[in-house]
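First up is the structure itself, then whatever we jot down about it.
The values are calculated or read from the model by the stated rules, or taken from the named source; none is laboratory data. All figures in this text were calculated on a predicted structure; none of them were measured in a lab. Because the Cβ atoms are built from the backbone with ideal geometry, glycine has one as well, and the counts that use them run over all protein chains shown.
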Amino acid sequence: MWNEKRSAKVSGKISAVSAARMDGGESGQIMVSLLLMLTIFLLAMVGFAVDLTNLWFHRQAAQTAADAACQAGAMDMAALAAGMALPNMGFTPGTSANCSTGGGTICFYANANGYNGTGLTPGSPSNSVAWSFPSSVPNVTTPPATITSYPFLKVVVTENVKTHFLYTIHGTLYQQVAASCTCGTTQVPEAAPMIVLNTSASGAFTYSGGGNLTIVGGPQRALQVNSTSPTAIDCIPSGLIDTSHGGPKGTGSSVGISGGPSQAPTTCWGGGFNGGTTGGWTGGTLPVGDPYAGVAAPASVKLISPLSTTNGISVQKAQSLSMPGQDGCPDTSSNCIELSPGYYPNGICTGTTSRCSGYQTYIFLPGIYYMGNSLNAGGSATLRMATPCIPSCSSISTSAGQQTDGVMFYFYSGSVNINGCSGCVNTSIIPVQSTALTCDGSAPVASLNMPSTLSGNILVGQCTANGTYWDAGGDTTDSRGAPGSRGLLFYQDHGDATQPQFTGSGALTFSGALYFHSTGYSDLFSLNGGASTGTFVLGQIVADQVSLTGSGAIKMALNPMPSTPLLKVGMLQ
């Protein structure tokens with residue numbers, strides 16, 4: 001009996017131990033399976049991470065290529081808008097295409113960044129580079145069509161990238177990544193340089209025989225010559241470009257040329273160029289587009305017919321002989337002939353010839369003068385601004401003038417021609433304070449060395465918010481400045497190829513922009529003879545070509561404020 005009980009107890013212990021051993025074995029198998037599953041999961045995550053990281057790097061590379069190609073293409077578009085012919089551009093603005101059918105700038109820069117753009121081939125490593133021309137870009141103002149018809153460019157780079165673990169999800173070994181860049185040309189208010197627009201002429205800017213250009217203040221680039229000719233700037237001994245007081249700090253500004261010479265001339269008097277401590281001379285620069293290409297003509301002014309023609313002058317409203325002191329008539333020895341804004345189909349002729357009026361002093365009331373022929377100032381005539389009702393009113397003044405008043409001469413035909421002794425010093429004509437030239441009544445920049453009082457011919461443009469012009473007919477979107485900056489003083493129609501001439505020996509002072517550009521890039525702004533020993537320009541000169549000869553010299557104070565609408569290249573999206 002006792003043996004049976006003992007045997008039963010031993011058998012029970014053996015069974016318990018066996019069960020425990022069996023439970024421990026199964027638990028170990030579960031742990032091994034779990035570890036195996038976790039390992040596979042982690043390996044899959046690592047694989048996916050490798051694939052995704054690889055796609056990300058390829059996406060970044062595609063973005064770099066798209067950015068480079070788009071910016072290069074946009075720079076070509078800006079050069080084209082500036083009138084430069086680009087035979088190797090390789091694309092046509094307005095026509096969408098890709099690198100599998102074309103080439104040129106866009107494809108060159110995409111290829112330089114690793115994308116040949118030969119086209120996408122399913123199931124193999126390949127890429128495409130395509131471009132289009134959006135008509136607009138969100139939150140970006142489109143430049144006027146008169147400047148460029150297709151201002152925006154979009155480049156898309158797409159690539160087939162080989163993957164491994166992502167194949168299990170998408171069922172394809174290659175995944176597409178794409179990157180795009182939208183860039184183009186926009187109008188940005190800038191402090192603008194003096195600009196010579198002709199894109200190919202040799203001697204587009206010529207200075208010789210004492211012809212000097214002095215520029216103070218303004219942007220870091222004082223003069224831009226767009227001609228690609230190796231001799232775009234032609235210097236003959238005794239000519240000088242002096243920008244030693246130019247630039248934002250007044251310590252020197254630069255000359256930029258799309259062509260050459262690439263180095264400043266050394267054979268001219270004073271070396272031919274003085275850039276101060278921070279100025280320089282750079283060849284091969286990107287041309288600067290015409291900043292006034294989008295400015296409309298004052299068409300509403302032409303709709304007003306002149307009332308009469310007297311002594312060669314088509315008179316708008318009335319012709320008044322202002323007594324000394326009326327509307328600012330500065331002549332202390334005789335009357336002034338006073339002209340009102342309006343349409344002058346025969347132009348305005350001064351001086352003592354039989355077809356001209358023969359008066360000595362001409363004053364112009366503020367406003368727009370629409371010219372169907374030239375403004376000819378000869379003999380000993382003096383041109384000045386009228387100041388309505390200051391100190392007293394003439395018969396055609398209705399309200400008092402103000403500091404921001406000015407004029408614009410728009411030449412539909414003809415140009416400005418100042419010759420002879422027009423503007424010569426005359427002691428019977430009261431000088432003008434130099435503070436009358438600025439919009440806020442301040443003195444011009446000291447480094448211009450302008451005297452505090454000025455004699456000769458003195459004309460100022462309107463003070464406007466955007467530096468163009470303002471008229472009641474709404475021909476522009478510009479508005480009166482408060483105080484603003486002096487806008488267009490002379491504006492020659494693009495279809496008018498008459499040459500502006502400053503050939504006399506009198507003093508000339510202009511405050512505002514002098515703009516002479518024809519579609520054939522043939523408008524030559526010239527100062528020669530004895531003109532200009534006292535010539536000052538507060539503002540900008542934009543002309544197709546410029547010639548300073550025979551002691552012709554200009555002292556310019558460029559506007560340091562960002563008020564001129566220049567075409568700039570940039571990435572937009």
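Return yes or no: is Ser229 more than 21 Å from Phe516 (Cβ to Cβ) and surrounded by fewer than 24 Cβ atoms within 10 Å (Cβ to Cβ)?
Details: more than 21 Å from Phe516 (Cβ to Cβ): no; surrounded by fewer than 24 Cβ atoms within 10 Å (Cβ to Cβ): yes.
Considered against the rule, which asks whether it is more than 21 Å from Phe516 (Cβ to Cβ) and surrounded by fewer than 24 Cβ atoms within 10 Å (Cβ to Cβ), Ser229 comes out as no.
Within the stretch 67-112, which residues are part of a helix (DSSP H, G or I), without any contact (Cβ under 8 Å) to a residue 40 or more places away in the chain and among the aliphatic types (A, V, I, L, M)? Full working, then the answer.
Quick first cut of the stretch 67-112, residues part of a helix (DSSP H, G or I) only: 67-81, 105-112.
Filter once more, keeping what is without any contact (Cβ under 8 Å) to a residue 40 or more places away in the chain: 72, 76, 105, 107-108, 111.
Correct list: Ala72 only.
Could you list, in sequence order, the residues of the stretch 379-399 that are surrounded by fewer than 16 Cβ atoms within 10 Å (Cβ to Cβ) and touching a Pro at 6+ places or on another chain (Cβ under 7 Å)?
Ser399
For Thr158, are the conditions met, namely being closer than 22 Å to Asp544 by Cα, hydroxyl-bearing (Ser, Thr, Tyr) and assigned to a strand (DSSP E or B)? Please lay out each step first, then the result.
Numbers: closer than 22 Å to Asp544 by Cα: no; hydroxyl-bearing (Ser, Thr, Tyr): yes; assigned to a strand (DSSP E or B): yes.
Answer is no for this residue.
Kindly list the number of the only condition in (1) at pLDDT below 85; (2) on the phi > 0 side of the Ramachandran plot that fails for Gln573.
(2)
Is it true that some residue in the stretch 416-435 is touching a Cys at 6+ places or on another chain (Cβ under 8 Å) and either part of a loop (DSSP other than H, G, I, E, B) or polar (S, T, N, Q) (or both)? Please lay out each step first, then the result.
We begin by selecting, within the stretch 416-435, every residue touching a Cys at 6+ places or on another chain (Cβ under 8 Å); these are none.
For the stretch 416-435, residues touching a Cys at 6+ places or on another chain (Cβ under 8 Å) and either part of a loop (DSSP other than H, G, I, E, B) or polar (S, T, N, Q) (or both): absent.
Given the residues Ile215, Ile241, which is the only one that is closer than 17 Å to Leu448 by Cα, at pLDDT 90 or above, aliphatic (A, V, I, L, M) and not in a loop (DSSP other than H, G, I, E, B)? Don't jump to the end; show me each part of the working.
On the way: Ile241 fails: at pLDDT 90 or above.
Checking each option against the conditions leaves just Ile215.
A quick yes/no check of all residues on (1) among the hydrophobic types (A, V, I, L, M, F, W, C); (2) closer than 22 Å to Asn376 by Cβ; (3) surrounded by fewer than 19 Cβ atoms within 10 Å (Cβ to Cβ):
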| position | (1), (2), (3) |
| --- | --- |
| Ser452 | no, no, yes |
| Ser455 | no, yes, no |
| Ile458 | yes, yes, no |
| Thr464 | no, no, no |
| Gly487 | no, no, no |
| Phe502 | yes, yes, no |
| Ala507 | yes, yes, no |
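Tell me which residues, restricted to the stretch 476-529, are polar (S, T, N, Q) and under 27 Å from Pro444 (Cα atoms). It would help to see each step written out before you state the result.
Applying the first criterion (polar (S, T, N, Q)) to the stretch 476-529 yields 476-477, 479, 485, 492, 498-499, 501, 503, 505, 509, 511, 518-519, 522, 526, 528.
Answer for the stretch 476-529, where residues must be polar (S, T, N, Q) and under 27 Å from Pro444 (Cα atoms): Ser479, Ser485, Gln492, Gln501, Thr503, Ser505, Thr509, Ser511, Ser526, Asn528.
Among the residues of the stretch 400-428 satisfying the criterion of being among the β-branched types (Val, Ile, Thr) and either surrounded by 22 or more Cβ atoms within 10 Å (Cβ to Cβ) or within 21 Å of Gly512 (Cβ to Cβ) (or both), which is modelled with the lowest pLDDT?
Quick first cut of the stretch 400-428, residues among the β-branched types (Val, Ile, Thr) only: 404, 407, 416, 418, 425, 427.
Narrowing further to those that are either surrounded by 22 or more Cβ atoms within 10 Å (Cβ to Cβ) or within 21 Å of Gly512 (Cβ to Cβ) (or both): 404, 407, 416, 418.
Working: Thr404: 95, Val407: 96, Val416: 94, Ile418: 89.
Residue satisfying both the conditions and the ranking: Ile418.
Out of Val301, Val315, which single residue is closer than 30 Å to Tyr369 by Cα, of a type in the set (A, V, I, L, M), at pLDDT below 85 and surrounded by 19 or more Cβ atoms within 10 Å (Cβ to Cβ)? Quick ask: steps written out before the conclusion?
Numbers: Val301 fails: at pLDDT below 85.
The match here is Val315.
Looking only at the stretch 263-292, count how many residues are on the phi > 0 side of the Ramachandran plot and either at pLDDT 90 or above or buried (at least 19 other Cβ atoms within 10 Å of the Cβ) (or both).
Here is the first cut: in the stretch 263-292, the ones on the phi > 0 side of the Ramachandran plot are 270-272, 276, 284.
With either at pLDDT 90 or above or buried (at least 19 other Cβ atoms within 10 Å of the Cβ) (or both) added as a condition, the list becomes 272, 276.
Total meeting the criteria: 2.
Of all residues being buried (at least 24 other Cβ atoms within 10 Å of the Cβ) and assigned to a strand (DSSP E or B) in the stretch 515-536, which is modelled with the lowest pLDDT? Just the residue, please.
The extreme case among them is Leu527.
Between Gly218, Gly259, which is surrounded by 24 or more Cβ atoms within 10 Å (Cβ to Cβ) and of a type in the set (Gly, Ala, Ser)?
Matching residue, one of Gly218, Gly259: Gly218.
Under the condition of being under 22 Å from Val129 (Cα atoms), in contact with an Asp or Glu (Cβ under 7 Å, 6 or more places away or on another chain) and hydrophobic (A, V, I, L, M, F, W, C), which residue from the stretch 142-197 is modelled with the highest pLDDT?
Step by step, filter the stretch 142-197, then rank; the result is Cys181.
Which numbered condition trips up Ser180, out of (1) closer than 24 Å to Gln545 by Cβ; (2) among the polar types (S, T, N, Q); (3) touching a helix residue (DSSP H, G or I) at 6+ places or on another chain (Cβ under 7 Å)?
Just one mismatch for Ser180, condition (1).
Give the residues of the stretch 186-205 that are outside any loop (DSSP other than H, G, I, E, B) and touching a Lys or Arg at 6+ places or on another chain (Cβ under 7 Å), sorted by residue number. Don't jump to the end; show me each part of the working.
Here is the first cut: in the stretch 186-205, the ones outside any loop (DSSP other than H, G, I, E, B) are 186-190, 194-196, 205.
Selection gives Thr186, Val188.
Checking Thr206 against (1) under 30 Å from Cys235 (Cα atoms); (2) at pLDDT 90 or above, only one condition comes out false. Which one?
Of everything listed in (1) under 30 Å from Cys235 (Cα atoms); (2) at pLDDT 90 or above, Thr206 misses just condition (2).
Within the set of pairs 6 or more residues apart or between chains, which connect a residue that is surrounded by fewer than 14 Cβ atoms within 10 Å (Cβ to Cβ) inside the stretch 113-132 to a residue that is assigned to a loop (DSSP other than H, G, I, E, B) and not hydroxyl-bearing (Ser, Thr, Tyr) with Cβ atoms less than 9 Å apart?
Matching pairs, first to second residue: Gly123/Leu173.
If Tyr359 satisfies all but one of (1) surrounded by fewer than 23 Cβ atoms within 10 Å (Cβ to Cβ); (2) modelled with pLDDT of 80 or more; (3) among the aromatic types (Phe, Trp, Tyr), what's the number of the condition it fails?
(2)
Gly504 passes all but one of (1) in contact with a strand residue (DSSP E or B) (Cβ under 8 Å, 6 or more places away or on another chain); (2) among the small types (Gly, Ala, Ser); (3) under 21 Å from Ala293 (Cα atoms); which number fails?
Result: Gly504 passes all but (3).
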